[in-house]
1. Thr61 - would you say it is modelled with pLDDT of 95 or more, in contact with a helix residue (DSSP H, G or I) (Cβ under 7 Å, 6 or more places away or on another chain) and of a type in the set (Ser, Thr, Tyr)?
2. Within region 163-175, is there a residue that is at pLDDT 95 or above, touching a strand residue (DSSP E or B) at 6+ places or on another chain (Cβ under 9 Å), among the basic types (Lys, Arg) and part of a loop (DSSP other than H, G, I, E, B)?
3. Return the residues of region 237-263 that are more than 11 Å from the ligand (Cβ to nearest atom) and either free of Cβ contacts under 8 Å to residues at least 24 places away in the same chain or more than 19 Å from Gly453 (Cβ to Cβ) (or both); say none if nothing qualifies.
4. When region 292-351 is examined, which residues are found to be of a type in the set (Asp, Glu), over 27 Å from the mean Cα position of the chain (by Cα), farther than 30 Å from Thr418 by Cα and part of a helix (DSSP H, G or I)?
5. From the list Val446, Val491, Val440, pick out the single residue that is assigned to a loop (DSSP other than H, G, I, E, B), over 15 Å from the mean Cα position of the chain (by Cα) and under 23 Å from Val285 (Cα atoms).
6. Can you tell me which residue is farthest from the chain's Cα centre (by Cα) among those in region 251-275 that are part of a helix (DSSP H, G or I) and of a type in the set (D, E, K, R)?
7. Write out, first by first residue and then by second, each pair whose Cβ atoms fall under 6 Å of each other, whose residues are 6+ apart or on separate chains, and whose first residue, in region 40-68, is outside the structural domain of Ala166 (by TED's automatic domain parsing) while the second is surrounded by 15 or more Cβ atoms within 10 Å (Cβ to Cβ) and at pLDDT below 95.
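The values are calculated or read from the model by the stated rules, or taken from the named source; none is laboratory data. What you are looking at is a predicted structure, and each value in this text was computed from that prediction instead of being measured. With ideal geometry, Cβ positions are generated from the backbone for all residues, glycine too; neighbour counts draw on all protein chains shown.
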Amino acid sequence: MSETLSHWINGQAVAGQSGRMGDVFNPAIGEKIAEVPFAGTDEVAKAVAAASAAAPEWAATPPIRRARMIFKFKELIEARIDEFARIVTREHGKVLSDAAGSITRGVEVLEFACGIPHLLKGEFSESVGTGVDSYSMRQPLGVVAGITPFNFPAMVPMWMFPISLACGNTFILKPSEKDPSAAIFMAEVMKDAGCPDGVFNVIHGDKVAVDAILEHPDIAAVSFVGSTPIAEYIYTTGCAHGKRVQALGGAKNHAIVLPDADLDMTSDALVSAAYGSAGERCMAVSVAVTVGDAAGDALIESLRPRIEQIKVGPGTDGESEMGPLVSQVHLDKVRGYIDHGVGEGAELVMDGRGLTLQGYENGYYIGPCLFDRATPEMKIYKDEIFGPVLSVVRAPDYDAAVKMVNDHEFGNGVAIFTRDGDAARDFAARAEIGMVGVNVPIPVPVAYHSFGGWKRSLFGDHNMHGMEGVRFNTKLKTITARWPTGIRSGVDLSFPLMG
Ligand code: NAD
């Protein structure tokens with residue numbers, strides 16, 4: 001018997017009422033392990049009503065007390081991190097150490113959010129005019145919703161709700177229907193941390209729930225992370241309904257390898273960044289652009305033995321370095337891309353399609369794949385594959401490599417590998433990409449900086465977490481105050497000047 005999950009509304013588990021359910025699988029064994037309710041419009045409305053009712057008191061709670069609740073939540077999450085990682089691995093498939101690492105990255109956002117009394121401090125100018133002072137404050141928006149992808153069921157929600165709650169908003173999380181249990185775990189821990197009922201809610205579901213969120217008049221803002229077509233839809237639909245929206249989309253992250261790069265360091269970095277989490281990371285490196293043919297040959301020869309040693313297996317096995325993909329549908333899609341790449345003429349240097357694991361024959365496994373001589377015209381170059389597939393593209397020179405990066409529709413992350421400071425500095429300035437690494441393959445900004453791509457990797461004006469998160473989750477208000485000084489200027493209809 002598989003488990004039936006619930007929504008979390010107003011501080012308690014609430015069974016689904018729409019009659020629509022989705023299946024949740026354990027990708028390591030390819031078996032259904034749970035059913036998740038898909039909310040209808042009425043259920044979303046109930047969560048919004050609970051979040052709206054809780055909003056005034058939460059907004060009026062002093063920031064230091066909101067921070068204390070978040071600090072308590074952080075302590076409880078840290079104390080249960082192994083259990084939490086197992087929940088993530090069971091539904092996502094990634095290896096336990098990777099799951100725990102991603103939770104730790106989320107915990108860092110909690111730590112940042114604990115500084116909210118400081119982060120919300122406004123500006124003050126004394127005497128902007130005679131007897132006139134001016135000051136600013138950041139106030140909460142009201143009810144904020146977060147819609148999150150399958151690949152980081154703990155970390156991506158934690159990019160959003162800690163800062164939103166710390167800023168004084170109440171929150172509704174709509175996690176991925178593929179791995180929904182992490183959200184409920186966080187809701188339960190939130191309650192243990194003393195979160196008032198209605199302040200943090202979880203609604204499960206698909207497009208019906210998402211559309212109900214986008215159209216609900218009492219939701220002020222939506223944070224989204226997922227694929228680009230859905231991100232664009234969320235942004236346009238949410239904005240059309242008067243909401244503030246930040247919608248982070250897909251990626252095709254390049255790594256440029258210059259001939260002077262440290263080959264061992266670069267190869268270690270590329271293999272880690274391409275195959276970690278089976279490539280199901282929005283910051284995974286999926287294209288290596290070598291400059292010059294000799295650099296291409298050397299890189300392939302250096303990557304090959306490293307890739308051969310990767311241990312693929314169930315995420316709960318301490319020996320495994322790479323787990324299965326999230327679903328059968330996704331496995332078929334990734335395999336389809338490999339077939340397509342071969343068909344369009346890329347050289348398949350390492351082929352993971354034949355992998356089978358004894359005892360786990362029904363799991364969604366594929367071994368690491370490596371293409372050489374891919375070109376920008378190929379589908380395997382243009383599309384986000386989101387699997388353990390690295391394509392080497394050979395560029396004739398540095399400028400051609402930079403052009404390739406800048407011409408691609410996505411602009412999430414990029415890295416350059418070189419010992420040349422001039423080249424690295426030039427590249428950092430010229431790359432039309434939101435997050436740039438210099439000899440760092442996955443340049444994910446830390447919690448107190450902000451995460452976000454350019455081009456079709458982000459729709460909206462705000463990145464996630466750091467000060468951008470605070471700005472997204474608050475409205476700025478500026479107060480100009482005059483106090484009677486005894487000086488009367490009389491009635492004056494001319495343009496108001498302060499000085
Ligand atoms: P997805 O776009 O399929 O789903 C994301 C969310 O949108 C889920 O909650 C899902 O239920 C919902 N959704 C799906 N289809 C919808 C529809 N038609 N209408 C309304 N809502 C819908 O993404 P995914 O497969 O869960 O996640 C992988 C994608 O997320 C990749 O493209 C990856 O690059 C991207 N991602 C981006 C970042 C980033 O920071 N830019 C981070 C993580 C993942």
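1. Working: modelled with pLDDT of 95 or more: yes; in contact with a helix residue (DSSP H, G or I) (Cβ under 7 Å, 6 or more places away or on another chain): no; of a type in the set (Ser, Thr, Tyr): yes.
Spelling it out, it is not the case that Thr61 is modelled with pLDDT of 95 or more, in contact with a helix residue (DSSP H, G or I) (Cβ under 7 Å, 6 or more places away or on another chain) and of a type in the set (Ser, Thr, Tyr).
2. Scanning region 163-175, I find no residue that is at pLDDT 95 or above, touching a strand residue (DSSP E or B) at 6+ places or on another chain (Cβ under 9 Å), among the basic types (Lys, Arg) and part of a loop (DSSP other than H, G, I, E, B), so the answer is no.
3. Cys239, Ala240, His241, Gly242, Lys243, Val257, Leu258, Pro259, Asp260, Ala261, Asp262, Leu263 - these are the residues of region 237-263 that are more than 11 Å from the ligand (Cβ to nearest atom) and either free of Cβ contacts under 8 Å to residues at least 24 places away in the same chain or more than 19 Å from Gly453 (Cβ to Cβ) (or both).
4. Residue satisfying the conditions is Asp339 alone.
5. After ruling out the rest, the residue left standing is Val440.
6. Asp264
7. none
Okay, residues lined up against (1) under 24 Å from Asp260 (Cα atoms); (2) at pLDDT 95 or above; (3) away from the ligand (no atom under 12 Å from the Cβ):
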position: Asn439; (1), (2), (3): yes, yes, yes
position: Pro443; (1), (2), (3): yes, no, yes
position: Ala447; (1), (2), (3): no, yes, yes
position: Gly453; (1), (2), (3): no, yes, no
position: Asn463; (1), (2), (3): no, yes, no
position: Gly469; (1), (2), (3): no, yes, yes
